[in-house]
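Following: one structure in structure tokens, then a few remarks.
Bear in mind that the values in this text are calculations on the coordinates, not laboratory data. Computed from a prediction, not measured in an experiment: that's the story for all the values here. Using ideal geometry, Cβ is built from the backbone for each residue, glycine included, and neighbour counts are taken over all protein chains shown.
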Amino acid sequence: MSKPQHALHFFNTLTRQKENFKPITKNEVRMYTCGPTVYDYAHIGNFRAFLFEDLLKRWLKYRGYKVTHVMNLTDVDDKTIKGSQTQHIPLKQYTEFYAKAFFEDAAILNIEPADYYPRATEHIQEMVSLIQTLLAKSYAYKGEDGSIYFAINKFPNYGKLSKIKTRDLKTGTRVKVDEYAKEEAQDFALWKAYTPEDGEVFWETPLGKGRPGWHVECSAMSMKYLGETFDIHCGGIDNMFPHHENEIAQSEAATGKQFVIYWLHNEHLQVEGQKMAKRFGNFYTLRDLLAKNCDPKVIRYLLLSTHYRQQFNFTFEGLEAAKGAIERLTNLMRRLKDSNGKGNGEKISQLIDKVQRCFGEAMDDDLNISVALASLFDFVRDVNNLLDNNELSKAEAEKVHALLTNFDNVLGVVGNVEVETLPQEGALLIEKREQARKAKDWKTADEIRQQLKALGIVVEDTAQGVRWRREKA
Ligand code: AMP
Ligand code: ZN
């Protein structure tokens, strides 16, 4: 659905401001999102990041943009090497297992696939060329250990994303590990010379025998598929430093051009006030939750329904509330399919205009999903009231259904709703129960309610009469 696109705003971490979104090429968006390090199953904190990116992409498409999306797979770094060694299997075999698990999980969560999923191990050549350019331009140098480092004092803009001040840093000291804190900002490794701890993992290249650093992987792969300057780069806030800061340094030093226009970072999913992370042992994988019979659509809804720049706490009560919200949407879509009321064009077209405007304005405002959902559920309540009063014609109901389908193309939590027909046995029981209620025979009415429940049919008594729906297994 298209609309004037100038209304779209995103909070850009680079400027710490909400900015009007204007892609480099009209109507097209090129975006890169840091993908999983395939050393273990992704936890639902990781999936909060991937679901935020999915929501962003779906919203851009809703607004009429053609999106090219690249998500890398980090299949060689400190963690993957360590993992494969612990299991005594080759790196490739180890990472492919978790890459496959990631794709399965992403599909279960209804995440739309990216256009490209480059693997780091398949782009060593591109990384080597990038490092060669940095050496030629004197942004990189070889240390005594044979590794190649990026000299952060040569790049005056170092720190522009994370806002650290390079003059406060010790320059000339080096860090070889992939992950470190802001306070430890130093010259970082682009190419890690081989050491026996790397075992079988190395490449013989003009840079020597060794392997790439983690940060250079994303610079090389993003620019290969999206060009030297592209529109959007996303990731969790933990990746802002050092990963994204180093990506900027490597890419901009090499090309002399701005690397990314909009940097969007999601906040963390927490558990009892602490970031969900492997190293804290406080995480759930998707598989853990599925084993507890949680519905993946409910997990998706929960992870999406808090604004991406707010931390939020994972709880099982939260999942219950999310389940209720999806049921409200699903039930309405079902009811709409067999509505054939007298119609009330004025009221419904006003409600449609209002929800389209409110939902759209909220999402355009840096994906303000909570406000968007609030307007959607006001609409659901109002349409249910019209249905209760038999005020929605077939054509109007179809229009509302199409609108909700459009919204669901963004949310991805309902999908195809089957029209439910009441089995004859159920219809007879509902009829009998109505007679019992009229006769104020509450005991019989309750017994019949139980019989219906056993058939998987739930009845609700409303001011407008009895309503029924199928109970979800
Ligand atoms: P990794 O597999 O560790 O490279 O992480 C994949 C993505 O998940 C990155 O964008 C991380 O920033 C993000 N991430 C990691 N932990 C969390 C969390 N608890 N909440 C939200 N995003 C996270
Ligand atoms: Zn990355």
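Structure notes:
- With the highest mean first, a sort of the peptides 193-205, 100-112, 211-223 on other beta-carbon atoms found within 10 angstrom per residue produces 211-223, 100-112, 193-205.
- Convex hull of the range 113-152 built on C-alpha atoms - directionally averaged projected area, nm²: 4.2 nm²
- Residue order, fewest to most beta carbons within 10 Å, for 302, 290: 290, 302
- Judged by the mean number of other Cβ atoms found within 10 Å, the most tightly packed of the peptides 66-75, 318-327 leads the ranking 66-75, 318-327.
- Rounded tilt (10° steps) of 316-337 against the dominant C-alpha axis of the chain: 50 degrees
- In percent, rounded to a whole number, the relative contact order of the chain is 15, using alpha-carbon pairs under 8 Å and six or more apart.
- Part-to-part distance (alpha-carbon centres) for the range 246-311 and the range 17-51, which is given in Å: 9 Å
- Counted over the chain, the DSSP beta bridges are approximately 55% antiparallel.
- Rounded to 10°, Cα long-axis angle of helix 214-226 versus longest principal axis of the chain: 70 degrees
- The order of the peptides 144-155, 341-352 by mean Cβ neighbours within 10 Å, most packed first, is 144-155, 341-352.
- Of all DSSP-defined beta bridges confined to the range 199-283, some 45% are antiparallel rather than parallel.
- Listed pairs 82/192; 292/453; 209/257; 182/257; 82/278 exceeding 19 Å between Cα atoms: 292/453; 209/257; 182/257
- Degrees, to the nearest 10: 394-411 long Cα axis against longest axis of the chain: 20 degrees
- Listed cross-link partners 100/297; 66/399; 323/432 are compared with a 29 Å cut-off, the Cα-Cα value being larger for 323/432.
- FRET E, pair residue 468, residue 202, Förster distance 60 Å, beta-carbon r, rounded to 0.05: 0.35
- Computed over the range 15-166, relative contact order equals 22 percent, with contacts defined as Cα pairs under 8 Å that lie 6+ residues apart.
- All Cα pairs of the chain, percent lying beyond 39 Å: 34 percent
- With R₀ fixed at 35 Å, the C-beta to C-beta distance from residue 402 to residue 315 puts the FRET efficiency at about 0.50.
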